[in-house]
Amino acid sequence: PVVPTGSNPLASYQANAPAATTKLAFSTNLESALAEAKKARRPVLVLFSGESQQATAFEELLGRPAVADVLKDFSLVRIDYRKNREVARKYAVTKFPYIVIINRHGFAEGHLLPSKSETAVRESLVSY
């Protein structure tokens with residue numbers, strides 16, 4: 001169903017949203033995720049998040065089938081932006097939700113701002 005736009009900050013995320021989403025398995029330990037990624041030879045997607053409607057809506061967008069399918073190639077980490085400002089500063093994160101892609105060697109390769117477009121998020125992630 002289409003949610004009418006207006007004062008609802010979730011409306012643009014929810015418009016035409018598919019009903020089924022995948023519950024993503026995020027770690028909260030960046031160091032162990034980096035170690036796992038190095039062994040598995042894959043990148044780490046770090047989601048800087050927090051308690052907000054926009055962050056919740058963006059996580060739901062990440063769980064949509066077309067995006068979740070791409071995320072299976074990443075080690076996933078969720079970091080609470082407000083509680084981990086030092087880690088956020090290390091990766092030049094100044095707001096949430098925000099994604100940093102870290103290669104298996106521990107270096108940031110990319111930054112992604114949240115998008116309301118499932119296609120835009122998928123295409124950005126495929127490039128890693």
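The values are calculated or read from the model by the stated rules, or taken from the named source; none is laboratory data. Keep in mind that what you see is a predicted model, and the values were worked out from it rather than measured. Positions of Cβ are backbone-derived with ideal geometry, glycine not excepted, and every protein chain shown enters the neighbour counts.
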Members of the stretch 96-116 that are more than 13 Å from residue 57 (Cα to Cα), assigned to a loop (DSSP other than H, G, I, E, B) and over 10 Å from the mean Cα position of the chain (by Cα): 103, 104, 105, 106, 107
Can you tell me which of (1) part of a helix (DSSP H, G or I); (2) without any contact (Cβ under 8 Å) to a residue 24 or more places away in the chain; (3) of a type in the set (Gly, Ala, Ser); (4) touching a Phe, Trp or Tyr at 6+ places or on another chain (Cβ under 7 Å) is the one residue 124 doesn't meet? (4)
Complete set of residues in the stretch 1-39 that are modelled with pLDDT of 50 or more, exposed (fewer than 14 other Cβ atoms within 10 Å of the Cβ) and β-branched (Val, Ile, Thr): 28
Which one of the conditions (1) outside any loop (DSSP other than H, G, I, E, B); (2) at pLDDT 90 or above; (3) not hydrophobic (A, V, I, L, M, F, W, C) does residue 42 fail to meet, given that it meets all the rest? (1)
For the stretch 88-119, which residues satisfy the criterion of being more than 20 Å from residue 51 (Cβ to Cβ), surrounded by 12 or more Cβ atoms within 10 Å (Cβ to Cβ) and of a type in the set (Gly, Ala, Ser)? 106, 108, 110, 115, 117
Would you confirm whether or not the stretch 110-118 contains a residue that is out of contact with any Phe, Trp or Tyr (no Cβ under 8 Å at 6 or more places or on another chain), in contact (Cβ under 8 Å) with a residue 12 or more places away in the chain and among the charged types (D, E, K, R)? yes
Just checking, does the stretch 49-63 include any residue being exposed (fewer than 13 other Cβ atoms within 10 Å of the Cβ), without any contact (Cβ under 8 Å) to a residue 40 or more places away in the chain and not β-branched (Val, Ile, Thr)? yes
